[in-house]
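First the structure, in the form of structure tokens, and then the observations on it.
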Amino acid sequence: MSWLKPSWQAVLALALCLLAVALGFAPKPDAATLAQPTTKWLIIGMLLVAALVSAARLAPVVEALMLFIGAHLAAWLLIHSIGGFERTELALTLPGIVPAIFGTWTQFIWNAMARGAGITFFLLIAAAWLLAWRCVALLAALRPTDTLARTALHMIIPAIFGAWILIIWEAVTRGAGIPFILLPPPSAIGARIAGSLPVLGADVRQTIFKAVIFGYVVGSGAGFLAAIAADRVPFLRRGLLPIGNMVSALPIIGVAPIMVMWFGFDWQSKAAVVIIMTFFPMLVNTVAGLAASGHMERDLMRTYASGYWPTLIKLRLPAAAPFIFNALKINSTLALIGAIVAEFFGTPVVGMGFRISTEVGRMNIDMVWAEIAVAALAGSVFYGVVALVERAVTFWHPSVRGG
Amino acid sequence: ADKVTLQLKWVTQAQFAGYYVAKAKGFYEAEGLDVDIKPGGPDIAPEQVIAGGGADVIVDWMGGALAAREKGVPLVNIAQPFKKAGMELVCPKDGPIKTEADFKGHTLGVWFFGNEYPFYAWMNKLGLKTEGGPDGVTVLKQSFDVQPLIQKQADCISVMTYNEYWQLIDAGYKPEQLTVFNYSAMGNDLLEDGLYALGDKLKDPAFEDKMVRFVRASMKGWKYAVDNSDEAAGIVMDNGGQDENHQKRMMGEVAKLIDNADGKLIPEAYERTAKALLDQKIITKQPEGAYTTAITDKAIK
Amino acid sequence: MTGQSPAVVSASKLGLTFQTNDGPVQALSNVDLTIGKGEFVSFIGPSGCGKTTLLRVIADLEKPTSGAISVNGMTPEQAREKRAYGYVFQAAALFPWRTIERNVALPLEIIGLSKAEQAERIKRTLELVNLAGFEKKYPWQLSGGMQQRASIARALAFDADLLLMDEPFGALDEIVRDHLNEQLLELWERTNKTICFVTHSIPEAVYLSTRIVVMSPRPGRVSDVIESTLPRKRPLDIRETPEFLAIAARVRDGLRAGHSYDD
Amino acid sequence: MTGQSPAVVSASKLGLTFQTNDGPVQALSNVDLTIGKGEFVSFIGPSGCGKTTLLRVIADLEKPTSGAISVNGMTPEQAREKRAYGYVFQAAALFPWRTIERNVALPLEIIGLSKAEQAERIKRTLELVNLAGFEKKYPWQLSGGMQQRASIARALAFDADLLLMDEPFGALDEIVRDHLNEQLLELWERTNKTICFVTHSIPEAVYLSTRIVVMSPRPGRVSDVIESTLPRKRPLDIRETPEFLAIAARVRDGLRAGHSYDD
Amino acid sequence: MDSFRSKIIPVTTILAAVVVAWYVFAVVLNAPFQRDLDQRANESPGTAEFIGKTLSQPKPTLPAPHQVAVNFFENTFLRSVTSNRSLVYNAWVTLSSTLLGFAFGTALGIVIAVGIVHVATLDRSLMPWVIASQTIPILAVAPMIIVVLAAVGITGLIPKALISTYLSFFPVTVGMVKGLRSPELMHLDLMHTYNASRAQTFWKLRVPASVPFLFTSMKVAVAASLVGAIVGELPTGAVAGIGAKLLAGAYYSQSIDIWSALVAGSVVAALLVMVVGVAGRLVDRAMGGRPA
Ligand SMILES: Nc1ncnc2c1ncn2[C@@H]1O[C@H](COP(=O)(O)OP(=O)(O)OP(=O)(O)O)[C@@H](O)[C@H]1O
Ligand SMILES: Nc1ncnc2c1ncn2[C@@H]1O[C@H](COP(=O)(O)OP(=O)(O)OP(=O)(O)O)[C@@H](O)[C@H]1O
Ligand SMILES: Cc1ncc(C[n+]2csc(CCO)c2C)c(N)n1
Ligand SMILES: [Mg+2]
Ligand SMILES: [Mg+2]
């Protein structure tokens, strides 16, 4: 027993593999895919080996490496084995030849699983996924002392997680034959991104570098200043806060057409929408943050007869920083959504929102997802930058210092 | 009764009066159908809905339908209630644009979401670039209203004869103060509201029969709506339409596009539409089997 | 009592009642007290008797609910606004986002001293409390006693004429405490500051003070005021003299009288 | 040293270095120490010498960077998981959203005592620290000393065999302190607990301890270990005996030797 | 009572200022079109008449406050609450999916935050994707979600509520991750010495310490949830709800309708935020919060 330490993921993966093998001998094996017996046994063998090896008592790094290779190679082979279900090229070159399978959604999936890529396919994908999960769990438990290794881990873990979102997406869309215009597989989206870099670049420039950044800075700034004003002037606090709550929680859909009406169809109106959207989270968080400084610290400032502004700058704002960064983080994603959505209501013929709404109409759903992917990437980078600044600025807060 | 789900292209308005009338007047029921009419909107792509199994038949423009066909959704036109297109470009007479020759260097409002094809086909014909600059036109993606003209953000905007045009009139423009470029009149039109179903489902005789009955009842509805436009507008209002007066006027204008309400697709119009789309590379291959006259032939004797 | 020198603090019939979720708590009752310029007054009394509250009233951090109080002949509020006093809290109350040196700099920034003068005062006071070498550390990197010393340094750097100190040396060992006691006395003598000092240590109170105010709890009252007969110059070994011990005994008696552990 | 009774804490060559923004700080260096069952060991030493750090290592709140330590023959972690000790922090560390009584109840809830037993222990320990009547108050409604006493009550209610106390009585006046010293001794004698006690007061250390560990700073080392020759039963007035004073003098010397204020 | 009065005066004063500014803007923004109109009709009215006209256009660029007020009043109080045109009815439709979505969203947000704080694997792998999920423009995917859900047979309230959930869980996650990590180290050490289980540390320390963060996040989340509910109404055919009113108004440039629907939306938003705020204050009070 001492040389065995099976994880539940490995055990389950093993069971799935065996089930797949058993089904393979059933009277009606999977129809279309995995017809190539060599590939099939290669995949199953690889998964079995990875699962068994992971149960052995190995150094976590070795085990993780084995699992990483086994799971991902198997997944790669699996997805390639159903190349026949690749819809992109077929759809473009041989329209109408591939019979799509319709029916209600559930039937649809089941039919597809049974008739399409086959149960075996999904069993094996699930097994590979479990092994990858085990791999991530191992990596997450690693505590390397080397900073380089630590940074690498910080990138690898979310990358594996993300890769599996994509793998499962690819497997389901292609394995189950989901219509291209409902949800294209990631491979098609990737191809579209690679083929449309200039367009995507122009859209990013229009939407992010003009509308989002400007709106984010002005909106967050305005929310911040409004919070300070409300804090400084009790009259405003009592009068402005309720009205501020009201005005700033306005739905974008209602505001966007009005902003287009007032500020024209170019980026300025999108920036205006972003300003309105980001204002409120900042206002609320800053107000909460300004109340967060300790009583004794405030008393201390009182003993110095410190005026409103010195107290604000030296005590209350630093103490409010965790809250303010909360708002900045939430706003970094809100701003992007706001700008894109606002472009649905009248724009020049460039911009991420423009492209999304237009390409939906043209049934170029892969382009829609390409824009979405770019938006997600840009948003994550934006958020990441804010989070890094937060760590630097609120280094003293318990949430950063430890725990 | 057999259940049929119809997905409209836009919100409830007199543009779809025929279907609402057929339902309200019991025409569908008489054919043994239980029809569920789903309104659309700017966010709804009927092609997606039908591909996802959310509808049996959709109202769509041919440009969108053919584009979707190439992406693997085998849409087939089974009837074409609208014989003429209702889209046009209007420019105020006090503005810079009086004729096609004046477009250069100006801003034009265009609807996208698959409705931009006629415009680009036209510009193609005129040899105008659409990337802005002094030698081309600047294209503005127009919202669903006529504000860009009122706010003077565009020199011309897209309107439907039956809808936005009248909003301009309501806003104080007199017909004689507007220059109208009607796509149908210029011969640049692409087919608008038609009924589309999925080709492989049509192979099922039971489904085909259902569609025959559906089209027959729908066209009966259209005929009734054209003949009794005020009542039809009332029925639209009952189903969630807005602004009764406006719906009445819309019904009158829609009637002009319907013509004789036989729902038959005119093959020349189809060929012209397909060619225009091919020319602009909206589609890459001459579509095959994208329409069938079988249904209308059986439905309307 | 010290009628000759002008009163720095003068309270009469001072009372303060806190309203809490389960009824009022009378923290101070009928406190009469006059503190003259240059006095060193210690407050001693059982835990919870109202010493901190009294200091807070003087500092305008709490409003009395009855009676009158004046500081430097003004209301406490006016005095606070004139920056009449420095305050050392019972807990260190350092800002976690500032290093030790910048914590000490805080009051100096607020009164708007030049950078050079700030640096000079920081250096001097941190040396005084023996924290030289820890300038760049953050509060959570210091031991409890070191944090408390940093907070003393901060109050000393402020350099007001009236010093309100709430158990400043509570967390320090005897040696450091002796050292700081000497330093404080030296400072007091040199600058003629007025000092109000809360302590739990009877020897410390006797060693430092010109007057010792003994308080008794619930409600906090002044139960005894003991004038010290010791000279102003006090070497550490004065603590072995009979005179010193006699005063200490008197304080202890006063303390015990007001105490609830009589059993 | 106390080879006969089984070692509760045993450290050898213990060292701990903190990594800070401006370089490493060596808080403990080469500490050798064995504490037997039923001992009362006081730690005394200048502020910042590593007393808290040593207690935290015993409590498994800090991991030593060198050397070995065992508690009850296990690693500190295992001992902690067995709930081998109660800990009184240098600051009160009360939860602001709990009343005093619920703060004391906290460890009891965690070990899963019945409501009735909780109520009984809360009543007993709050009475012990003389906080009866303040059960329903929130921490900010108490004075500093009262908060500290509440935190002592919380540790006593936990009732572990090993008590780690970090300057528990620092914020208390002499009378309360004497009272609590007596109570603690009485408790220790009755229950035969092992107690590690950090203090700054030499008399307190001598009065309470069977052994006094004197530490010296930077890096924190054990500079002297003094065995007490006093009997286990100690009336308060033992503090005037020559034997007591002799031990106190020895501690003071040890303390001064390791101190940096030699000037 | 006193606090009520101390609020009423500032609120009305500022409201009055807003209304005055609004009138000024209305005149300025509506003037160009009115001038066009007059020019086309060959009229040249006096200033007073002109201003009057700018404030009574049927489809103004910016409706005057009284136009909105009249419309709002009619659609709120003069219609039976079951009528499709009643703002109360439409607000109720939106509110119901908002509340459902908010409840889901808060629960989901908390669950994710708890996972992130407690499970190292999740902290490392999930957070970046949670963030990425929020950068997906909801209006673009909402239709697809609705289509897919409709195909599976889920229609009505739930699809809209799910979109609210999607928008509202994020602020809660971000705030709660911060909040659950905000306890002082000494308090964590204390729990450590008791060998408290993770669950005990969670319930007795992390949760109470996170309360200020939770309620602040919930205020943002409830507003986001309302936006989600409104967005969700569009691809469902915009049949009823504030979003439907907004859209219907937009089709026909009925700016007065838009504005009164916006006012209704804001009133709902403000009420929701206020309710969360009051709940927060009550909880704070119950937790022995010290008055500021
Ligand atoms: N978290 C930390 N990070 C960096 N340095 C620390 C940390 N905690 C303590 N130190 C350093 O370790 C040394 C010992 O600290 P410790 O708290 O153990 O002292 P102590 O003996 O308890 O002092 P006191 O009597 O003042 O409480 C100090 O120099 C302190 O600056
Ligand atoms: N904010 C408050 N609200 C309610 N009661 C309070 C408040 N602050 C102090 N008290 C009560 O007032 C009394 C006096 O408290 P104070 O802090 O002045 O005592 P102290 O003499 O400084 O005690 P210690 O020596 O323990 O610091 C105590 O009974 C305490 O419970
Ligand atoms: C986003 C979007 N914008 C405009 C149209 C054009 N359009 C086609 S039918 C119709 C209704 C009648 O006026 C309108 C406005 C559209 N389909 N989608
Ligand atoms: Mg006090
Ligand atoms: Mg310490």
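If we keep just the residues of the range C:3-41 that are of a type in the set (Gly, Ala, Ser) and within 12 Å of another protein chain (Cβ to nearest Cβ), which is farthest from ligand 4 (Cβ to nearest atom)? Quick ask: steps written out before the conclusion?
Going through the range C:3-41, the residues of a type in the set (Gly, Ala, Ser) turn out to be C:3, C:5, C:7, C:10-12, C:15, C:23, C:27, C:29, C:36, C:38.
Restricting the remaining residues to those that are within 12 Å of another protein chain (Cβ to nearest Cβ) gives C:23, C:27.
Working: C:Gly23: 21, C:Ala27: 10 Å.
Of everything passing the filter in the range C:3-41, C:Gly23 is farthest from ligand 4 (Cβ to nearest atom).
Which one of these is more than 10 Å from chain D (Cβ to nearest Cβ), at pLDDT below 90 and away from ligand 5 (no atom under 15 Å from the Cβ): C:Glu189, C:Glu167? Even if it seems obvious, please write down each step before you answer.
Values: C:Glu167 fails: more than 10 Å from chain D (Cβ to nearest Cβ).
Going through C:Glu189, C:Glu167 in turn, just one is more than 10 Å from chain D (Cβ to nearest Cβ), at pLDDT below 90 and away from ligand 5 (no atom under 15 Å from the Cβ): C:Glu189.
Go through the residues of the range C:193-200 one by one and say whether even a single one is surrounded by fewer than 23 Cβ atoms within 10 Å (Cβ to Cβ), away from ligand 3 (no atom under 16 Å from the Cβ) and at pLDDT 85 or above. Steps first, please.
Quick first cut of the range C:193-200, residues surrounded by fewer than 23 Cβ atoms within 10 Å (Cβ to Cβ) only: C:193.
From the residues that got through so far, the ones that are away from ligand 3 (no atom under 16 Å from the Cβ) too are C:193.
Of the ones still in play, those that are also at pLDDT 85 or above are C:193.
Yes, some residue in the range C:193-200 is surrounded by fewer than 23 Cβ atoms within 10 Å (Cβ to Cβ), away from ligand 3 (no atom under 16 Å from the Cβ) and at pLDDT 85 or above.
Six or more apart or on different chains, Cβ atoms under 8 Å: show the pairs whose first residue is in the range C:27-48 and more than 19 Å from C:Leu162 (Cβ to Cβ) and whose second is open to solvent by 20 Å² or more (accessible area, probe 1.4 Å) and within 16 Å of ligand 5 (Cβ to nearest atom).
C:Ser47/D:Ala171
Within the group E:Leu205, E:Leu167, E:Leu126, which residue is open to solvent by 10 Å² or more (accessible area, probe 1.4 Å), in contact with a Pro (Cβ under 9 Å, 6 or more places away or on another chain) and in a helix (DSSP H, G or I)?
Values: E:Leu205 fails: open to solvent by 10 Å² or more (accessible area, probe 1.4 Å); E:Leu167 fails: in contact with a Pro (Cβ under 9 Å, 6 or more places away or on another chain).
Answer to the selection: E:Leu126.
Output the number of the condition that E:Gly156 fails; it satisfies all remaining conditions of (1) facing chain A (nearest Cβ under 10 Å); (2) open to solvent by 10 Å² or more (accessible area, probe 1.4 Å); (3) small (Gly, Ala, Ser).
Failed condition: (1).
Of the residues A:Ala271, A:Ala256, A:Ala320, which single one is away from chain E (no Cβ under 12 Å), assigned to a helix (DSSP H, G or I) and among the hydrophobic types (A, V, I, L, M, F, W, C)?
Working: A:Ala256 fails: away from chain E (no Cβ under 12 Å); A:Ala320 fails: away from chain E (no Cβ under 12 Å).
Selected residue: A:Ala271, the only one of A:Ala271, A:Ala256, A:Ala320 that is away from chain E (no Cβ under 12 Å), assigned to a helix (DSSP H, G or I) and among the hydrophobic types (A, V, I, L, M, F, W, C).
Being of a type in the set (Asp, Glu), open to solvent by 20 Å² or more (accessible area, probe 1.4 Å) and over 26 Å from A:Val349 (Cβ atoms) is true for just one of B:Asp102, B:Asp36. Which residue is that?
On the way: B:Asp102 fails: over 26 Å from A:Val349 (Cβ atoms).
Being of a type in the set (Asp, Glu), open to solvent by 20 Å² or more (accessible area, probe 1.4 Å) and over 26 Å from A:Val349 (Cβ atoms) holds for just one of B:Asp102, B:Asp36, which is B:Asp36.
How about the range E:246-262: which of its residues are more than 9 Å from chain A (Cβ to nearest Cβ) and part of a helix (DSSP H, G or I)?
Matches in the range E:246-262: E:Ala248, E:Tyr251, E:Ile256, E:Asp257, E:Ser260.
Looking only at the range E:260-276, how many residues end up being surrounded by 19 or more Cβ atoms within 10 Å (Cβ to Cβ) and under 16 Å from A:Ile243 (Cβ atoms)?
Taking the range E:260-276 first, the residues surrounded by 19 or more Cβ atoms within 10 Å (Cβ to Cβ) are E:260-266, E:268-270, E:272-273, E:276.
Then keep just the ones that are under 16 Å from A:Ile243 (Cβ atoms); that gives E:262-266, E:268-270, E:272-273.
Number of matching residues: 10.
I'd like to verify a number: residues in the range A:319-343 that are without any contact (Cβ under 8 Å) to a residue 40 or more places away in the chain and open to solvent by 10 Å² or more (accessible area, probe 1.4 Å), how many?
2
Give the range B:181-202 a look and list any residue that's under 17 Å from B:Met123 (Cβ atoms) and outside any helix (DSSP H, G or I), or say none.
B:Phe181, B:Asn182, B:Gly187, B:Asn188, B:Asp189, B:Leu190
Look at C:Arg154 and say whether it is buried (at least 24 other Cβ atoms within 10 Å of the Cβ), charged (D, E, K, R), in contact with a helix residue (DSSP H, G or I) (Cβ under 9 Å, 6 or more places away or on another chain) and not assigned by TED's automatic domain parsing to the domain that holds C:His200.
Values: buried (at least 24 other Cβ atoms within 10 Å of the Cβ): yes; charged (D, E, K, R): yes; in contact with a helix residue (DSSP H, G or I) (Cβ under 9 Å, 6 or more places away or on another chain): yes; not assigned by TED's automatic domain parsing to the domain that holds C:His200: yes.
Yes.
Looking at C:Ala91, is it open to solvent by 40 Å² or more (accessible area, probe 1.4 Å) and more than 19 Å from the chain's Cα centre (by Cα)? Let's see the steps before the verdict.
Details: open to solvent by 40 Å² or more (accessible area, probe 1.4 Å): yes; more than 19 Å from the chain's Cα centre (by Cα): no.
It is false that C:Ala91 is open to solvent by 40 Å² or more (accessible area, probe 1.4 Å) and more than 19 Å from the chain's Cα centre (by Cα).
Does B:Val159 fit the bill of being away from chain A (no Cβ under 14 Å), surrounded by 22 or more Cβ atoms within 10 Å (Cβ to Cβ) and farther than 24 Å from A:Met352 by Cα?
Details: away from chain A (no Cβ under 14 Å): yes; surrounded by 22 or more Cβ atoms within 10 Å (Cβ to Cβ): yes; farther than 24 Å from A:Met352 by Cα: yes.
Here the answer is yes, as B:Val159 does meet what is asked.
Restricting to the range A:388-397, what's the tally of residues that are open to solvent by 10 Å² or more (accessible area, probe 1.4 Å) and facing another protein chain (nearest Cβ under 9 Å)?
4
Mind checking which residues of the range B:193-225 are within 23 Å of B:Ala85 (Cβ to Cβ), within 14 Å of chain A (Cβ to nearest Cβ) and either open to solvent by 20 Å² or more (accessible area, probe 1.4 Å) or of a type outside the set (A, V, I, L, M, F, W, C) (or both)?
Selection gives B:Tyr196 alone.
Which members of the range D:14-55 meet the condition of being open to solvent by 10 Å² or more (accessible area, probe 1.4 Å), in contact with a Cys (Cβ under 9 Å, 6 or more places away or on another chain) and either away from ligand 5 (no atom under 15 Å from the Cβ) or not small (Gly, Ala, Ser) (or both)?
Result: D:Glu39, single match.
For the structure I just gave you, tell me whether D:Arg218 is out of contact with any Pro (no Cβ under 6 Å at 6 or more places or on another chain), among the charged types (D, E, K, R), within 13 Å of chain C (Cβ to nearest Cβ) and away from ligand 2 (no atom under 16 Å from the Cβ). Explain how you work it out, then say what you get.
Numbers: out of contact with any Pro (no Cβ under 6 Å at 6 or more places or on another chain): yes; among the charged types (D, E, K, R): yes; within 13 Å of chain C (Cβ to nearest Cβ): yes; away from ligand 2 (no atom under 16 Å from the Cβ): yes.
Judged against the criteria, D:Arg218 is a match.
Among the residues in the range D:133-144, are any away from ligand 2 (no atom under 11 Å from the Cβ) and surrounded by fewer than 24 Cβ atoms within 10 Å (Cβ to Cβ)?
Within the range D:133-144, one or more residues are away from ligand 2 (no atom under 11 Å from the Cβ) and surrounded by fewer than 24 Cβ atoms within 10 Å (Cβ to Cβ).
Restricted to the range E:129-140, and to residues that are part of a helix (DSSP H, G or I) and within 7 Å of chain A (Cβ to nearest Cβ), which residue is surrounded by the fewest Cβ atoms within 10 Å (Cβ to Cβ)? Can you show your working first?
Taking the range E:129-140 and keeping what is part of a helix (DSSP H, G or I), we get E:129-134, E:138-140.
Going one step further and asking which of them are within 7 Å of chain A (Cβ to nearest Cβ), we end up with E:129, E:131-132, E:134, E:138-140.
Details: E:Trp129: 15, E:Ile131: 23, E:Ala132: 22, E:Gln134: 27, E:Ile138: 22, E:Leu139: 26, E:Ala140: 25.
The selected residue is E:Trp129.
Please go through the range B:271-294 and pick out each residue that is touching a strand residue (DSSP E or B) at 6+ places or on another chain (Cβ under 7 Å), open to solvent by less than 50 Å² (accessible area, probe 1.4 Å) and closer than 19 Å to A:Met363 by Cβ.
If the condition is that a residue be touching a strand residue (DSSP E or B) at 6+ places or on another chain (Cβ under 7 Å), open to solvent by less than 50 Å² (accessible area, probe 1.4 Å) and closer than 19 Å to A:Met363 by Cβ, then B:Ala290 is the only one that fits.
Between a residue in the range B:110-137 that is within 14 Å of A:Val349 (Cα to Cα) and at the interface with chain A (Cβ under 8 Å from one of its Cβ atoms) and any residue that is open to solvent by 30 Å² or more (accessible area, probe 1.4 Å) and within 16 Å of ligand 5 (Cβ to nearest atom), which pairs come within a Cβ distance under 7 Å, given they are 6 or more apart or on different chains?
Within 7 Å, no pair qualifies.
Can you spot a residue in the range D:82-99 that is within 16 Å of D:Met165 (Cβ to Cβ), out of contact with any strand residue (DSSP E or B) (no Cβ under 7 Å at 6 or more places or on another chain) and away from ligand 4 (no atom under 16 Å from the Cβ)?
The answer is yes; a qualifying residue exists.
Would you please list the contacts, defined by Cβ atoms under 7 Å and residues six or more apart or on different chains, that run from a residue in the range C:72-100 that is over 27 Å from D:Gly145 (Cα atoms) and outside the structural domain of C:Ser47 (by TED's automatic domain parsing) to a residue that is among the basic types (Lys, Arg) and not in a strand (DSSP E or B)?
C:Thr99/C:Lys136; C:Thr99/C:Lys137
Any residue in the range E:248-268 that is within 10 Å of E:Ala91 (Cβ to Cβ) sitting within a Cβ distance under 8 Å of a residue that is open to solvent by 10 Å² or more (accessible area, probe 1.4 Å) and hydroxyl-bearing (Ser, Thr, Tyr)? List the pairs, counting only those 6 or more apart or interchain.
If the second residue must be open to solvent by 10 Å² or more (accessible area, probe 1.4 Å) and hydroxyl-bearing (Ser, Thr, Tyr), the pairs left are E:Ala264/E:Thr76.
The values are calculated or read from the model by the stated rules, or taken from the named source; none is laboratory data. Note that the structure is a prediction, hence the values are computed from the model and not measured. Methodologically, a virtual Cβ is constructed for each residue, glycine included, from the backbone with ideal geometry; neighbour enumeration extends over all protein chains shown. We work out accessible area using only protein heavy atoms, side chains counted, and drop any ligands, DNA or RNA first. Shrake-Rupley method; radii C 1.70, N 1.55, O 1.52, S 1.80 Å.
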